[in-house]
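Read through the structure below, which is laid out as structure tokens, and then see the notes.
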Amino acid sequence: MAALRPETAGATARSGLEVVQKHLSAGAGARQPIEKLLGMELCGVAPGRAVVRLTPTQDHLNGQGILHGGMYATVLDSACAAACYTTVPDGTRIVSTDLTVKFLRSATPGSGVLQCVAEVLNRGRRNVLVEARMTDPAGRLLAWANCTIMVLQD
């Protein structure tokens, strides 16, 4: 989440949550490169929790005309990383070391806005276990993931 980090020379230490909240208040212009590229949006955070939304387009589909599994995985992983970052000090590097995705239901551009909610289940000193759920506008579960994120110590 390095793209969220503002210049901090001389500033007091801040939490990752504060930085992500500031990022959200800056609006769409502050989106991370992956968010812009894929059209997903981080739209809410709380301690240990993040919400990411995606409106599927034709560019997100596989050869069968449904949302590509890699899109599910990327949105789920991004939500997990954001949820994790709310639990660490600003400037801490984090990296996903494991992502398991269960694909339960397909989505298309006609599915509407998909919502992914990620919540930290366990925060250890070096590893964070996060769970994410992607649902359609009717609340149906489309995909579920668990992710292990390593907190890197410089």
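The values are calculated or read from the model by the stated rules, or taken from the named source; none is laboratory data. Because the structure is predicted, anything quoted here is derived from the model rather than measured. Ideal geometry is used to build each Cβ from the backbone, glycine not excepted, and the neighbour counts take in all protein chains shown. Accessible surface areas use protein heavy atoms only, side chains included; no ligands, DNA or RNA. Shrake-Rupley method; radii C 1.70, N 1.55, O 1.52, S 1.80 Å.
For volume of the Cα convex hull per residue in Å³, the choices are (i) 134; (ii) 181; (iii) 110; which was calculated from the structure? Given (i) 134; (ii) 181; (iii) 110, the structure-derived one carries the label (iii).
Taking amide H as placed 1.01 Å from N in the peptide plane, the amide H of His68 sits under 5 Å from that of Leu61, Asn62, each at least 5 places away or on another chain.
Of all accessible surface on the chain at a 1.4 Å probe, what whole percent is carbon and sulfur? Numbers along the way, then the final one.
Values: 3950 of 7970 Å².
It is 50 percent, rounded to a whole number.
The residues of region 57-154 have, on average, 49 Å² of accessible surface per residue, using a 1.4 Å probe with all protein chains present. Taking the chain, the Cys residues with no second Cys beta-carbon under 4.7 angstrom are Cys43, Cys84, Cys116. How would you classify region 86-154 from its alpha-carbon gyration tensor, with a ≥ b ≥ c the square roots of the eigenvalues: rounded for a/c under 1.5, else prolate if a/b is greater than b/c, otherwise oblate? Judged from the Cα gyration tensor, region 86-154 comes out prolate (a/c at least 1.5, a/b above b/c). Calculated mean residue ellipticity, 222 nm, the chain: -6500 deg cm²/dmol, from DSSP H runs (n ≥ 4) at -39500 (n - 2.57) each, averaged per residue and rounded to 500.
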